[in-house]
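First the structure, in the form of C-alpha cells, and then the observations on it.
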C-alpha cells in the first residue's frame, strides 16, 4: 500500500491559509498551539510551519522559544510509535493525509511541518482529526518543562523565532488576546494563534486538537418560524470540500450553500429538522442539524363582509385587528360607490394570515327586518310597534298603534338617508286559540303515568282536571287555559290496557367451553326488546334482563344462566422422541375418564408435530394438546479467534449430553463443547491444514458426527521484533499460523520483503538480505485458507 499523496488537497481554515508571498522565503510560521491540553503543557505544545521552494535539513534547525531553551530533535522508535498512533486516529476520523518523520533529517521543498515540544506528546489529548494532506512531524528531545514554552495568561507580546541557519522566520502574538472556544478573550485549553503571510496574528480555539485545519460543521442555532415563511440559514464549516442541506419537506434556495434560505411549507406544523452534511477531500462525511419549531398562525378577527348604500359614509379600515394583529389594507380606503374586496396583509413577524373584507354597495333596498305577520286575541292589550328594526333601520308606523278589534295592515316607513324600503305588518285578530295537545293516549295498566304538561306546544298555559292520569281506569281529562290568552279548552281521552309478559325461558345451564346461544330480541309471544347484558358470558354465571321496546305494554323478564366449568383431559402435554424410534399409541380415554379422538391419530417419529385431543360431545370437557419433539442431531461446528486463541465450538451445544474431539481419526483431544486448538499446539505437533472430528450423543441414545478443517490458527501477531541476536523476539514468528505468503512494506508503501510458505524467516532484512533500518513496517499475511490479515510491526535493534 502506498501512503504517499498523489494529488494536492485544498486546506481551508477561516480563510487564513495561503501560499508564500515570496518564494525566496525558506520557511513561514503558520500557527502556534499556545495553550495545550494536559497537566504538562510543555510536552504538548506545537508549531506549524511551511518549507519554501528548497529542501531543508533538520540538523540546521534551532528554535528561540518565548520560554525555555531549545533542546534539539529526537527521532527513534518512541517517536515512530507516537506517529503511528496519531496516524491511526487520523484514519479513524476519516482523513486521508498522514504524518511522516523525515528520512535522514530531510524536509522536502513546500512541505507542511508540525514541530512538537516533546516526544512525550499525549496523543489522545492532541488529535489531528481528518486531515487531507501529509504533514512532516518533528519532536523536540524534551522530557519535562516547567511552565511550557509559551505564555497563556497575562499581558504583553511573545515572540517565536525558527531558524535553519541561512534563513529565519519570526512571529509575535499578544497573549492578552488568546480566546476560549466561545471566542471570549480568556485563555483556555486549545488557544491557538494563526499567522498570515505578513505575520498578522488571528486568535482561535478549536479545543484539544493539533494546530492543523480541522474538519467541523455547525448548522446553526434552532429556529422558531411561521408556516410558509422563509428563514435565513448561516452555517459554518471547516475543512469541507462540499456541503449539502436536506429536509423531508420545504425548499432551499441553494442546497450547496452554507448561507442558504429555507422556505417552510404553508401547511407545516410541529417541528422540521434541517440536516447539513459536509464532505472533506477524503470523502469522509459529518453532519449537524437545525430544528425549526413551527408557530401556529393567527387570523386577524376583522369582519369579512359589509353592506353600504351608494354614497353612504364608509367606515375607516383599522390597521390593527381586535385580536391585536397589525398590518395594512389594499386598497387602503373603502370606495362607497362600488362593490369590491379589500385585503388585509399582516406585518412581518406576527405569524398571521391575510383576511379579505367583501364590501357590497347597493343603490337602495335594505329591508327592515320586522316580522310581517302577527295574530292577536280580540280585545287584548296590543304590542307596541318599535320605531327601529332589529337590523338598525329607524322610521314610523301608519297606523302607529295596533287595533285589537279588527284585522288590518300597518306600514313602516324608514327615515330618509338609510337606503331602506318600507315594510308591511299584517295583523290578524282572532276569537280563540286551540291548545294543540294530543287528544288520545293509551297507557299500560299499573305503569307510571306521563305528566300532564301545563303549557301546550303552541304556548297556551293552563290547568288539567283531573290533574294526574290514573293508569288503572279509562278516563277523560280537560285542559282549561289561563285567562288573557285568547284560547279554548282542550280534551284528552286516556285508554288503559293490561301488560303482556314475554314468554322466554327463565333458567339456562351451559358448559364454559360450549357454543354460546344467541339471546333472541323477540319473545315467542311476539314482544320485541333488548337484553342487558346483550351477549351471554360463557365464563361465569349471571342474570340477563329483557326490556321490551316502548309502546308494547309488556313487562321485563330475567334469565338466570348457570355456567359449569369444563373438565381438562389430564394427558401429558409434551415429550421428546429420537428420530426413527418407536412411537407410543395415543389413548382415546384420558386418565380422568374423558373420551374422545386425536388429530392426527398416530404419532410420527420422524418430524415435530402437535396432536389435538377433541372430547366427545356431551361431556363439558376441553380439548388437549400433545407436543412431540423429534431429535435429529444435526451437528455444526464454528471456528475462530477468541481472546488470542483459536477455538472450535459445537453449535447448539445445549442439545447434546456428551462430546468427543479427535485429530484426523487419531487420538482424542477434547471432551467438551469447545476445543482450544492454540492450546493443543503447546503440547503436540499439528500440521495445518488439519482435520478434527466431533462426535456427540444425547441421553436419549441419539448420536451424530461432523468434521471441520482448520487451515491455520492466526490469532496473535507480534507487534514488533528486536533482531539483535539475544534469542528474544529476533524474528517475526508466525509458526503454526498456516501462512502461505508474507509481504513487508516500508512506510512509503514499497515492498521490501516477500516469502512463500512463511514460518519465522524474517528478522528485519530486505529481499536481498540487507538489514532494514529501525522503523514501523506494514505487513500483509495470506493464510492457506485464503484469508488476508494486515497491520503494523516495528523493528528495533537494541544494543
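State yes or no: is residue 285 modelled with pLDDT under 95, under 26 Å from the mean Cα position of the chain (by Cα) and within 30 Å of residue 134 (Cα to Cα)?
Numbers: modelled with pLDDT under 95: yes; under 26 Å from the mean Cα position of the chain (by Cα): yes; within 30 Å of residue 134 (Cα to Cα): yes.
Spelling it out, residue 285 is indeed modelled with pLDDT under 95, under 26 Å from the mean Cα position of the chain (by Cα) and within 30 Å of residue 134 (Cα to Cα).
Rundown of residues vs (1) at pLDDT 90 or above; (2) closer than 26 Å to residue 88 by Cβ, yes/no style:
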| position | (1), (2) |
| --- | --- |
| 725 | no, no |
| 744 | yes, yes |
| 750 | yes, yes |
| 768 | yes, no |
| 773 | yes, yes |
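Here's a check for you: in segment 59-79, which residue that is assigned to a helix (DSSP H, G or I) and surrounded by fewer than 19 Cβ atoms within 10 Å (Cβ to Cβ) is nearest to the chain's Cα centre (by Cα)?
Applying the first criterion (assigned to a helix (DSSP H, G or I)) to segment 59-79 yields 59-60, 77-79.
Subsequent filtering for residues that are surrounded by fewer than 19 Cβ atoms within 10 Å (Cβ to Cβ) retains 59-60, 77-78.
Numbers: 59: 58, 60: 58, 77: 48, 78: 46 Å.
Checked segment 59-79; the qualifying residue nearest to the chain's Cα centre (by Cα) is 78.
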The correct count of residues that are within 30 Å of residue 112 (Cβ to Cβ) and touching a residue at least 40 places away in the same chain (Cβ under 8 Å) in segment 224-244 is 6
Does at least one position in segment 562-575 carry a residue that is surrounded by 12 or more Cβ atoms within 10 Å (Cβ to Cβ), free of Cβ contacts under 8 Å to residues at least 40 places away in the same chain, closer than 25 Å to residue 540 by Cα and touching a strand residue (DSSP E or B) at 6+ places or on another chain (Cβ under 6 Å)? no
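Filtering segment 40-58 down to residues that are in contact with a helix residue (DSSP H, G or I) (Cβ under 8 Å, 6 or more places away or on another chain) and either within 18 Å of residue 152 (Cα to Cα) or in a strand (DSSP E or B) (or both), which residue is modelled with the lowest pLDDT? Walk me through how you get there before you give the answer.
Pass one, segment 40-58, residues in contact with a helix residue (DSSP H, G or I) (Cβ under 8 Å, 6 or more places away or on another chain): 44, 57-58.
From what is left, the residues that are either within 18 Å of residue 152 (Cα to Cα) or in a strand (DSSP E or B) (or both) are 44, 57.
Values: 44: 90, 57: 95.
Top of the filtered list is 44.
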Test: residue in segment 671-691 that is touching a helix residue (DSSP H, G or I) at 6+ places or on another chain (Cβ under 9 Å), outside any loop (DSSP other than H, G, I, E, B) and at pLDDT 90 or above: yes
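Within segment 369-379, track down each residue that is more than 17 Å from residue 419 (Cα to Cα) and surrounded by fewer than 14 Cβ atoms within 10 Å (Cβ to Cβ).
Narrowing segment 369-379 to residues more than 17 Å from residue 419 (Cα to Cα): 371-379.
If the condition is that a residue be more than 17 Å from residue 419 (Cα to Cα) and surrounded by fewer than 14 Cβ atoms within 10 Å (Cβ to Cβ), then 371, 372, 373, 375, 378, 379 are the ones that fit.
Taking the condition surrounded by 19 or more Cβ atoms within 10 Å (Cβ to Cβ) and within 25 Å of residue 189 (Cβ to Cβ), does residue 118 pass? Working first, answer last.
On the way: surrounded by 19 or more Cβ atoms within 10 Å (Cβ to Cβ): yes; within 25 Å of residue 189 (Cβ to Cβ): yes.
Yes.
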Checking the condition surrounded by 13 or more Cβ atoms within 10 Å (Cβ to Cβ), at pLDDT 90 or above and not in a strand (DSSP E or B), which residue from 492, 519 passes? 519
Among strands (runs of 3 or more DSSP E) entirely within segment 694-799, at least 2 residues that are touching a helix residue (DSSP H, G or I) at 6+ places or on another chain (Cβ under 7 Å) and surrounded by 15 or more Cβ atoms within 10 Å (Cβ to Cβ) occur in 775-783, 788-795
Just checking, does segment 423-446 include any residue being surrounded by 14 or more Cβ atoms within 10 Å (Cβ to Cβ), touching a strand residue (DSSP E or B) at 6+ places or on another chain (Cβ under 6 Å), on the phi > 0 side of the Ramachandran plot and part of a loop (DSSP other than H, G, I, E, B)? no
Strands (runs of 3 or more DSSP E) completely within segment 283-351 that count 2 or more residues being free of Cβ contacts under 8 Å to residues at least 24 places away in the same chain and over 30 Å from residue 223 (Cβ atoms): 340-346
Would segment 97-113 turn up any residue that is farther than 20 Å from residue 37 by Cα, in contact (Cβ under 8 Å) with a residue 12 or more places away in the chain, within 50 Å of the chain's Cα centre (by Cα) and in a helix (DSSP H, G or I)? no
Any idea which of (1) part of a strand (DSSP E or B); (2) surrounded by 15 or more Cβ atoms within 10 Å (Cβ to Cβ); (3) without any contact (Cβ under 8 Å) to a residue 60 or more places away in the chain; (4) under 24 Å from the mean Cα position of the chain (by Cα) is the one residue 268 doesn't satisfy? (1)
Okay, strands (runs of 3 or more DSSP E) sitting entirely in segment 554-602 with 2 or more residues that are within 30 Å of residue 529 (Cβ to Cβ), I get 557-564
Output the qualifying pairs, or none if there are none: Cβ atoms under 6 angstrom, residues six or more apart or on different chains, first residue in segment 212-223 and at positive phi and part of a loop (DSSP other than H, G, I, E, B), second residue surrounded by fewer than 19 Cβ atoms within 10 Å (Cβ to Cβ) and at pLDDT 90 or above. 220/234
Search result, residues across segment 183-211 that are in contact with a helix residue (DSSP H, G or I) (Cβ under 7 Å, 6 or more places away or on another chain) and touching a residue at least 60 places away in the same chain (Cβ under 8 Å): 208
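Tell me which residues, restricted to segment 634-670, are in a loop (DSSP other than H, G, I, E, B) and crowded, with 17+ Cβ neighbours inside 10 Å. First the steps, then the outcome.
If we filter segment 634-670 for residues that are in a loop (DSSP other than H, G, I, E, B), which is where we start, we get 634-636, 643-644, 651-652, 656-657, 664-667.
635, 656 - these are the residues of segment 634-670 that are in a loop (DSSP other than H, G, I, E, B) and crowded, with 17+ Cβ neighbours inside 10 Å.
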Only one of 627, 590, 601, 597 is exposed (fewer than 11 other Cβ atoms within 10 Å of the Cβ) and modelled with pLDDT of 85 or more, namely 601
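Looking for whichever is modelled with pLDDT under 90 and surrounded by 15 or more Cβ atoms within 10 Å (Cβ to Cβ) here; the options are 366, 393. Which one fits?
Working: 393 fails: modelled with pLDDT under 90.
One residue alone meets the criteria, 366.
The values are calculated or read from the model by the stated rules, or taken from the named source; none is laboratory data. Since the model is a prediction, treat every value here as computed from it, not as a measurement. Don't worry about glycine lacking a Cβ; one is built from the backbone with ideal geometry, like all the others, and counts go over all protein chains shown.
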